[in-house]
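A quick write-up on the structure given underneath.
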Amino acid sequence: MSDRFDDGADGQVIELTRFRGAGVRPVLAQIEAYWEQVRGHRLVPNRAEIDPSGLEGTLKHVFILERIAKGLARYRIAGSHLTELMGLDVRGMPLSATFQPDAREALSQSVQAVFDDPAVVRLELEAEQGFGRSDLMGDMILMPLRSDLGEVSRILGAIVMAGEIGRAPRRLGITGQLHRGLTGFASNSVASKRGNSELGERGLDTYCKSETTRVNSAPDYLKLVADNTLTD
């Protein structure tokens with residue numbers, strides 16, 4: 001059975017191939033494939049199963065969110081790509097703080113869908129423009145995770161923006177969204193099934209630091225603008 005999407009607006013069904021096709025940047029496809037691998041035949045994987053070694057090469061784009069209220073989540077971990085976009089460390093900040101005010105209602109509905117349906121959500125993004133801020137477009141993916149208590153209260157997310165970041169902060173607008181409901185496409189079993197990693201957020205932080213060290217040894221034109229130092 002192939003997964004299908006509801007765009008969350010008019011009930012239009014969208015084939016999964018559009019979600020994972022050429023329009024999805026390779027880094028997001030890689031992260032989603034890892035999440036699917038960890039999930040297996042279950043509805044939602046556990047946060048403790050997310051092993052940073054499985055995300056090697058993509059960690060600057062990765063973030064972890066924690067549910068704080070209906071439709072609201074805050075950053076527990078954020079890679080350096082978000083730091084570059086916002087011009088500051090976003091850990092502890094609500095996800096909505098990195099979005100433009102007129103995008104926050106749609107964002108809240110998407111976050112709620114990830115937690116409550118549950119669903120995988122992809123957002124098509126465009127950053128605000130102005131002096132020192134040229135065109136900047138990209139994608140964000142949000143995938144549900146279970147906490148140690150068994151609740152769907154965490155999100156594995158990733159963001160990739162293409163273009164010159166320019167003058168930060170570059171708050172985000174939503175130009176499109178796709179929702180993939182997970183109910184009916186996996187077993188409802190929620191038995192504890194931890195992977196090789198028992199690192200938690202601090203373990204992911206340690207791995208991010210080592211990845212930054214490798215990136216900083218690259219030629220100047222490949223170096224990160226911001227240090228990927230993450231501590232939870």
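The values are calculated or read from the model by the stated rules, or taken from the named source; none is laboratory data. Since we're looking at a predicted model, the values are computed, not measured. Note that we place each Cβ from the backbone using ideal geometry, even for glycine, and neighbour counts take in every protein chain shown.
Condition check: within 12 Å of the chain's Cα centre (by Cα), buried (at least 18 other Cβ atoms within 10 Å of the Cβ) and within 20 Å of residue 32 (Cα to Cα). Does residue 143 satisfy that?
Details: within 12 Å of the chain's Cα centre (by Cα): yes; buried (at least 18 other Cβ atoms within 10 Å of the Cβ): yes; within 20 Å of residue 32 (Cα to Cα): yes.
When the stated conditions are applied, residue 143 passes them.
Among residues of the range 133-150 that are within 24 Å of residue 182 (Cβ to Cβ), those with a beta-carbon under 9 Å from a residue that is surrounded by 21 or more Cβ atoms within 10 Å (Cβ to Cβ) and of a type in the set (Ser, Thr, Tyr) at least six positions away or on a different chain give the pairs 142/110. Answer yes if at least one residue in the range 155-162 is in a loop (DSSP other than H, G, I, E, B) and either under 23 Å from residue 59 (Cβ atoms) or in contact with a helix residue (DSSP H, G or I) (Cβ under 9 Å, 6 or more places away or on another chain) (or both), and no otherwise. Checked the range 155-162: no residue is in a loop (DSSP other than H, G, I, E, B) and either under 23 Å from residue 59 (Cβ atoms) or in contact with a helix residue (DSSP H, G or I) (Cβ under 9 Å, 6 or more places away or on another chain) (or both).
When you go through 57, 92, 71 one by one, which is the residue that is at pLDDT below 95 and either of a type outside the set (Phe, Trp, Tyr) or touching a Phe, Trp or Tyr at 6+ places or on another chain (Cβ under 9 Å) (or both)? Checking each option against the conditions leaves just 57.
In the range 75-90, the residues that are touching a residue at least 24 places away in the same chain (Cβ under 8 Å) and under 12 Å from residue 161 (Cα atoms) form Cβ pairs under 7 Å with partners that are assigned to a strand (DSSP E or B) and aliphatic (A, V, I, L, M), at six or more places apart or across chains, as follows: 81/159; 82/159; 85/161. Among the conditions (1) buried (at least 19 other Cβ atoms within 10 Å of the Cβ); (2) within 17 Å of the chain's Cα centre (by Cα), the only one that residue 112 does not satisfy is (1). Pairs linking a residue in the range 111-123 that is within 10 Å of residue 178 (Cα to Cα) to a residue that is among the polar types (S, T, N, Q), with Cβ atoms under 7 Å and 6 or more positions apart or on different chains, are 121/110; 121/177; 122/177; 123/110; 123/177.
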